[in-house]
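Peer 1: Right, I'll just put the structure down here and ask away after.
The values are calculated or read from the model by the stated rules, or taken from the named source; none is laboratory data. Everything numeric in this text was worked out from a predicted model, so none of it was measured. Methodologically, a virtual Cβ is constructed for each residue, glycine included, from the backbone with ideal geometry; neighbour enumeration extends over all protein chains shown.
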Amino acid sequence: MSARRAACAGTLLALLASVGLAAWLMPSGWSAAAPAPPLSMAVSALDGSLLVVRDGLFRSSDHGARWSALPVPAGLQPDKIRLVATTTAAPASLYVAGAGAGVARSDDNGRTWRSISAGLPSQEVAALALHSFRPDTIYVWIPRRGVFRTEDSGRRWQKMDDGPPASLVALAHSPLKGSMNTGWLYAATAEGPYLSMDCF
């Protein structure tokens, strides 16, 4: 392992340890064992702070040395939040979701929140992805319901399809060339990754 890679690995291990994740970066890749690891992690595009979901939504602005809770209104079911996401297309915006919590958005770096999932057929959101450069375009997966998309930050939701044939774990959007629209939607499943053009 090179000195630079070793230094990067050491910094990353310290960060992971600070959020309760016991992890080791091995030459062949990752292996991890974690007592109560974060359910989801993201980096703020506004200030570089780290955001984690674990029994609530928390932020650290000092690489994990100290954490502060980001209060989410009780009406948005903060105890059911399992996912957090950010985007450089709207640096002050934060997005959270979860089964029973639907999808909520903050446009002031977590000070205030609003639900944007009233138009969904269910609030049981199990996966969330943001469009790479359109912050009002959001994708969610609801088990047994399918993949849904909004292009206006939740005012209208449209079912895109039933999703991949395997149980979906996570979604991610990529602007890689080759799509007939603005990119690709990737789905991680227990059987491996799937992809679809984001125009469906």
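Peer 1: Which pairs have Cβ atoms under 8 Å, sit 6 or more apart or on different chains, and link a residue in region 146-171 that is assigned by TED's automatic domain parsing to the domain that holds Ala188 to one that is among the basic types (Lys, Arg) and in a strand (DSSP E or B)?
Peer 2: Partner pairs satisfying both residue conditions: Gly146/Lys159; Val147/Lys159; Phe148/Lys159; Ser153/Arg105; Gly154/Arg105; Trp157/Arg149; Gln158/Arg149; Met160/Arg149.
Peer 1: Go through the residues of region 166-185 one by one and say whether even a single one is modelled with pLDDT of 95 or more and aromatic (Phe, Trp, Tyr).
Peer 2: No; the residues of region 166-185 include none that is modelled with pLDDT of 95 or more and aromatic (Phe, Trp, Tyr).
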